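J.: Would you mind keeping the following structure in view while I ask a few things?
The values are calculated or read from the model by the stated rules, or taken from the named source; none is laboratory data. Just so it is clear, the model here is predicted, and its values are computed rather than measured. A quick note on method: Cβ atoms are made from the backbone with ideal geometry, for glycine too, and the neighbour counts reach across all protein chains shown.
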Amino acid sequence: MSKITEVIPQRKNPKRFNIFLDGEFAFGADEDLVVSRRLVIGKVITPEDLERILFEAEVGKLMERMYRWFGIRQHSEKEVRDYFRVRRKEEISQLTVDSLVEVLKKKGLVNDLEFAKAWVEARRRSKQKGIRVIKAELYQKGIDKEIMEQVISGQVTGDSEEELAKQALEKKLKYWKNLNSLELKKKSYEFLARRGFEYDVIEKIIKKE
């Protein structure tokens with residue numbers, strides 16, 4: 001068995017601590033782990049406890065990376081898992097990734113329902129994307145069909161689709177002002193279809209132009 005002899009805040013990150021066992025540096029731990037495992041000077045740690053603590057310390061270290069990554073934008077559970085899947089050189093076990101995902105969920109960082117809501121709102125506001133494209137994007141992000149339908153039915157109506165399609169098309173019309181009627185309709189249809197708008201929505205918009 002080993003005894004904790006020092007718990008020292010790290011210089012670059014005071015919320016992480018260097019843990020010393022029997023006078024020698026053993027591992028780094030975040031604040032949550034120090035509190036949950038009561039890593040205080042004088043505590044005796046069994047080999048079995050140490051193995052579990054080292055595993056949790058690895059998850060905690062990865063959490064620091066996740067905080068920075070989620071600071072850029074929200075991510076789905078699939079995106080988190082893919083993040084580590086493509087980084088095979090790091091040799092992060094599946095068990096570690098599973099534990100990390102659970103921690104992220106408990107902290108509210110991974111929430112596919114909230115992610116889907118934010119994604120739909122952002123893509124419609126900034127990119128003026130139609131439902132078809134947005135559904136494809138959410139599918140690629142690993143969002144369940146039930147969540148997808150719940151979010152879309154709550155945020156999207158026929159009227160909002162028409163208004164969004166109209167706004168998207170208006171930005172293009174000024175570049176096509178010299179086209180004849182047939183060419184203009186063709187260009188408009190192709191553009192709105194690429195943006196993911198449904199056929200009936202496109203038809204209504206083009207007839208009004």
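J.: Could you tell me which residue of region 97-119 is modelled with the lowest pLDDT, considering only residues that are in contact with a Lys or Arg (Cβ under 9 Å, 6 or more places away or on another chain), under 30 Å from GLN167 (Cα atoms) and of a type in the set (A, V, I, L, M)?
T.: It comes out as ALA118.
J.: Answer yes if at least one residue in region 152-174 is modelled with pLDDT under 80, within 17 Å of ILE134 (Cα to Cα) and outside any helix (DSSP H, G or I), and no otherwise.
T.: Yes; the residues of region 152-174 include at least one that is modelled with pLDDT under 80, within 17 Å of ILE134 (Cα to Cα) and outside any helix (DSSP H, G or I).
J.: Hey, among the residues in region 74-96 that are at pLDDT below 90 and of a type in the set (Val, Ile, Thr), which one's nearest to ILE143 (Cα to Cα)? It would help to see each step written out before you state the result.
T.: From region 74-96, those at pLDDT below 90 are 84-96; that's our starting set.
Pick out the ones that are also of a type in the set (Val, Ile, Thr) and you get 86, 92, 96.
Working: VAL86: 19, ILE92: 24, THR96: 22 Å.
Residue satisfying both the conditions and the ranking: VAL86.
J.: Which is surrounded by 14 or more Cβ atoms within 10 Å (Cβ to Cβ), of a type in the set (S, T, N, Q) and either touching a residue at least 40 places away in the same chain (Cβ under 8 Å) or outside the structural domain of ALA118 (by TED's automatic domain parsing) (or both), of GLN94, GLN74? Steps first, please.
T.: Details: GLN94 fails: surrounded by 14 or more Cβ atoms within 10 Å (Cβ to Cβ).
Result of the check over GLN94, GLN74: GLN74.
J.: Within the set of pairs 6 or more residues apart or between chains, which connect a residue that is part of a strand (DSSP E or B) inside region 1-14 to a residue that is surrounded by 13 or more Cβ atoms within 10 Å (Cβ to Cβ) and of a type in the set (D, E, K, R) with Cβ atoms less than 8 Å apart?
T.: Sorted first by the residue in region 1-14, then by its partner, the pairs are LYS3/LYS43; ILE4/LYS43; PRO9/ARG16.
J.: Here is a check on your reading of the model: is ILE41 buried (at least 17 other Cβ atoms within 10 Å of the Cβ), farther than 30 Å from ALA122 by Cβ and free of Cβ contacts under 8 Å to residues at least 40 places away in the same chain?
T.: Values: buried (at least 17 other Cβ atoms within 10 Å of the Cβ): no; farther than 30 Å from ALA122 by Cβ: yes; free of Cβ contacts under 8 Å to residues at least 40 places away in the same chain: yes.
Against the criterion (buried (at least 17 other Cβ atoms within 10 Å of the Cβ), farther than 30 Å from ALA122 by Cβ and free of Cβ contacts under 8 Å to residues at least 40 places away in the same chain), ILE41 does not qualify.
J.: Any residue in region 151-158 that is more than 26 Å from VAL201 (Cβ to Cβ) and among the small types (Gly, Ala, Ser)? Steps first, answer last, please.
T.: Taking region 151-158 first, the residues more than 26 Å from VAL201 (Cβ to Cβ) are none.
No, region 151-158 contains no residue that is more than 26 Å from VAL201 (Cβ to Cβ) and among the small types (Gly, Ala, Ser).
J.: Run down GLU51, GLU24 and say which single residue is in the same structural domain as VAL97 (by TED's automatic domain parsing), under 18 Å from SER99 (Cα atoms) and surrounded by fewer than 17 Cβ atoms within 10 Å (Cβ to Cβ). Can you show your working first?
T.: Values: GLU24 fails: under 18 Å from SER99 (Cα atoms).
Of GLU51, GLU24, the one residue that is in the same structural domain as VAL97 (by TED's automatic domain parsing), under 18 Å from SER99 (Cα atoms) and surrounded by fewer than 17 Cβ atoms within 10 Å (Cβ to Cβ) is GLU51.
J.: Among (1) touching a residue at least 40 places away in the same chain (Cβ under 8 Å); (2) part of a helix (DSSP H, G or I), which single condition is GLN128 missing?
T.: GLN128 satisfies all of (1) touching a residue at least 40 places away in the same chain (Cβ under 8 Å); (2) part of a helix (DSSP H, G or I) except (2).
J.: Here's a follow-up. Considering only region 34-108, give the helices (runs of 4 or more DSSP H) lying wholly within it that have at least 3 residues that are closer than 26 Å to LEU21 by Cα.
T.: Details: elements: 47-70, 77-85, 94-106.
Where helices (runs of 4 or more DSSP H) fall fully within region 34-108 and carry at least 3 residues being closer than 26 Å to LEU21 by Cα, they are 47-70, 94-106.
J.: Determine, yes or no, whether TYR67 is under 13 Å from the mean Cα position of the chain (by Cα), closer than 22 Å to GLU137 by Cβ and not charged (D, E, K, R).
T.: Working: under 13 Å from the mean Cα position of the chain (by Cα): yes; closer than 22 Å to GLU137 by Cβ: no; not charged (D, E, K, R): yes.
Considered against the rule, which asks whether it is under 13 Å from the mean Cα position of the chain (by Cα), closer than 22 Å to GLU137 by Cβ and not charged (D, E, K, R), TYR67 comes out as no.
J.: Any idea which of (1) surrounded by fewer than 16 Cβ atoms within 10 Å (Cβ to Cβ); (2) modelled with pLDDT under 85; (3) of a type outside the set (D, E, K, R) is the one VAL201 doesn't satisfy?
T.: Among (1) surrounded by fewer than 16 Cβ atoms within 10 Å (Cβ to Cβ); (2) modelled with pLDDT under 85; (3) of a type outside the set (D, E, K, R), VAL201 violates only (1).
J.: Check LYS61, LYS12 and return the single one that is of a type in the set (D, E, K, R), surrounded by 15 or more Cβ atoms within 10 Å (Cβ to Cβ) and modelled with pLDDT under 90. Steps first, please.
T.: Numbers: LYS12 fails: surrounded by 15 or more Cβ atoms within 10 Å (Cβ to Cβ).
Only one candidate qualifies: LYS61.
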